[in-house]
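S.K.: Quick one: the structure is below, and I'll ask about it shortly.
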Amino acid sequence: MTERFYTKTHEWVCFSDDGTARVGVSEQLVRSQKKPSCINLCDEGDVLRAGESAGDVEFLKGVVDIHAPVGGVVDAVNDALLLSPQTLEKEPLTWLFSVREPVCSRALLTEEAYLQYLTEGDHRAKDLMGKRR
């Protein structure tokens, strides 16, 4: 299994040997927000910068913005997930989109560091809920 790296805004990225990177949202975010009902994502061919909005997910508890953990050209979007957003709750580590020739200009956390970040103080609830619109 390829290692995932996380952001403090609860996205993950997984780098492949073929020069692409898949992006998704953390299991902790999905479980805290509950029942995804709609997903809006960037389009194939879009050029993203790390930290830029790449779409959003509408959950029972509100809409959560998705930020690109890496920059690059979007080369694929998980269309099956767009048609069935509930899949995200059943398989929370499902990828949302992939980026060709990813450029990493944000601080990324290992899974261990991300889990440690989640346990620090009471920011967890504020951080996860603070992404709502």
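The values are calculated or read from the model by the stated rules, or taken from the named source; none is laboratory data. In this text the structure is predicted, and so the values were computed from the model without any measurement. Don't worry about glycine lacking a Cβ; one is built from the backbone with ideal geometry, like all the others, and counts go over all protein chains shown.
Yes/no matrix, rows are residues, columns are (1) over 14 Å from residue 108 (Cβ atoms); (2) of a type outside the set (Lys, Arg); (3) crowded, with 16+ Cβ neighbours inside 10 Å; (4) over 12 Å from the mean Cα position of the chain (by Cα):
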{"residue": "3", "(1), (2), (3), (4)": "no, yes, no, yes"}
{"residue": "9", "(1), (2), (3), (4)": "no, yes, yes, no"}
{"residue": "19", "(1), (2), (3), (4)": "yes, yes, no, yes"}
{"residue": "25", "(1), (2), (3), (4)": "yes, yes, yes, no"}
{"residue": "34", "(1), (2), (3), (4)": "yes, no, no, yes"}
{"residue": "43", "(1), (2), (3), (4)": "yes, yes, no, yes"}
{"residue": "46", "(1), (2), (3), (4)": "yes, yes, yes, yes"}
{"residue": "54", "(1), (2), (3), (4)": "yes, yes, yes, no"}
{"residue": "59", "(1), (2), (3), (4)": "yes, yes, yes, yes"}
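S.K.: Output the number of the condition that residue 39 fails; it satisfies all remaining conditions of (1) surrounded by fewer than 13 Cβ atoms within 10 Å (Cβ to Cβ); (2) of a type in the set (A, V, I, L, M); (3) in contact with a Gly (Cβ under 9 Å, 6 or more places away or on another chain).
M.R.: Status for residue 39: all satisfied but (1).
S.K.: So which residues in the stretch 107-133 are at pLDDT below 90, part of a loop (DSSP other than H, G, I, E, B) and exposed (fewer than 13 other Cβ atoms within 10 Å of the Cβ)?
M.R.: 107, 120, 121, 122, 133
S.K.: If you don't mind, another one. Scan the stretch 75-106 for residues that are of a type in the set (A, V, I, L, M, F, W, C), in a helix (DSSP H, G or I) and either more than 19 Å from residue 65 (Cα to Cα) or at pLDDT below 90 (or both) and jot them down.
M.R.: If we filter the stretch 75-106 for residues that are of a type in the set (A, V, I, L, M, F, W, C), which is where we start, we get 76-77, 80-83, 88, 93, 95-97, 99, 103-104.
Now narrow it down to the ones that are in a helix (DSSP H, G or I): 80-83, 88.
Across the stretch 75-106, the qualifying residue is only 80.
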